[in-house]
1. Among residues belonging to the stretch 45-58 that are touching a Leu at 6+ places or on another chain (Cβ under 8 Å) and not acidic (Asp, Glu), point out the one that is surrounded by the fewest Cβ atoms within 10 Å (Cβ to Cβ).
2. Report, by residue number, each residue of the stretch 18-36 that is in contact with a Leu (Cβ under 9 Å, 6 or more places away or on another chain) and either over 20 Å from THR88 (Cα atoms) or in a loop (DSSP other than H, G, I, E, B) (or both).
3. For the stretch 52-78, give me each residue that is under 20 Å from ILE117 (Cα atoms), of a type outside the set (Val, Ile, Thr), touching a residue at least 24 places away in the same chain (Cβ under 8 Å) and out of contact with any His (no Cβ under 9 Å at 6 or more places or on another chain).
4. Go over the candidates ALA109, ALA105 one by one and state the one that is aliphatic (A, V, I, L, M) and not in a strand (DSSP E or B).
5. Return the only residue of VAL82, VAL92, VAL30, VAL101 being of a type in the set (Val, Ile, Thr), modelled with pLDDT of 95 or more and closer than 20 Å to ARG5 by Cα.
Amino acid sequence: MKTRRDDQPAYVTKDGSQIRELMHPSQHPVRRQSLAEATVPAGGRTLLHRHRETEELYHVVAGTGVMTLGNESFPIGPGDTVLIAPGTPHCVAAGPDGALVILCACSPAYAHEDTEILEAD
């Protein structure tokens, strides 16, 4: 099965990022994982959140920013991949010069019900 990014509708998820589900069990025949493209606008930031069950990989494809992972914060940019273990609080902030675009691989697949927001928006 093949999908095209531009054929996938974008929506805003609980953490405030714009998401395109590139492969997700709710829409495609994939069973145990999902792959999405997340976009955080220049100067924007997602809400601090965690997932009880889901392990995530973030792979930065464009833009720069700062990743907060537990008690640690560090710069991220194109080519960087970050492992987010289940239960780990995390968020990303995009730099001022352009959108931060991240491929997000989730196992099990992303579910709103597994997302716990840890701060008010």
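The values are calculated or read from the model by the stated rules, or taken from the named source; none is laboratory data. Keep in mind that what you see is a predicted model, and the values were worked out from it rather than measured. Counting neighbours? That spans all protein chains shown, and the Cβs are built from the backbone with ideal geometry, glycine included.
1. As a first pass, look at the stretch 45-58 and keep what is touching a Leu at 6+ places or on another chain (Cβ under 8 Å): 47-50, 55-58.
Filter again for not acidic (Asp, Glu), leaving 47-50, 57-58.
Values: LEU47: 16, LEU48: 14, HIS49: 18, ARG50: 19, LEU57: 16, TYR58: 20.
Restricting to residues being touching a Leu at 6+ places or on another chain (Cβ under 8 Å) and not acidic (Asp, Glu), the top hit is LEU48.
2. First, the residues of the stretch 18-36 that are in contact with a Leu (Cβ under 9 Å, 6 or more places away or on another chain): 21-24, 28, 34-36.
Passing the criteria: GLU21, LEU22, MET23, HIS24, HIS28.
3. Of the stretch 52-78, the ones under 20 Å from ILE117 (Cα atoms) are 52-58, 66-73.
Filter once more, keeping what is of a type outside the set (Val, Ile, Thr): 52-53, 55-58, 67, 69-73.
Now narrow it down to the ones that are touching a residue at least 24 places away in the same chain (Cβ under 8 Å): 52-53, 55-58, 67.
Hits for the stretch 52-78 are ARG52, GLU53, GLU55, LEU57.
4. Details: ALA105 fails: not in a strand (DSSP E or B).
After applying the criteria, what remains is ALA109.
5. Working: VAL82 fails: closer than 20 Å to ARG5 by Cα; VAL92 fails: closer than 20 Å to ARG5 by Cα; VAL30 fails: modelled with pLDDT of 95 or more.
Of VAL82, VAL92, VAL30, VAL101, the one residue that is of a type in the set (Val, Ile, Thr), modelled with pLDDT of 95 or more and closer than 20 Å to ARG5 by Cα is VAL101.
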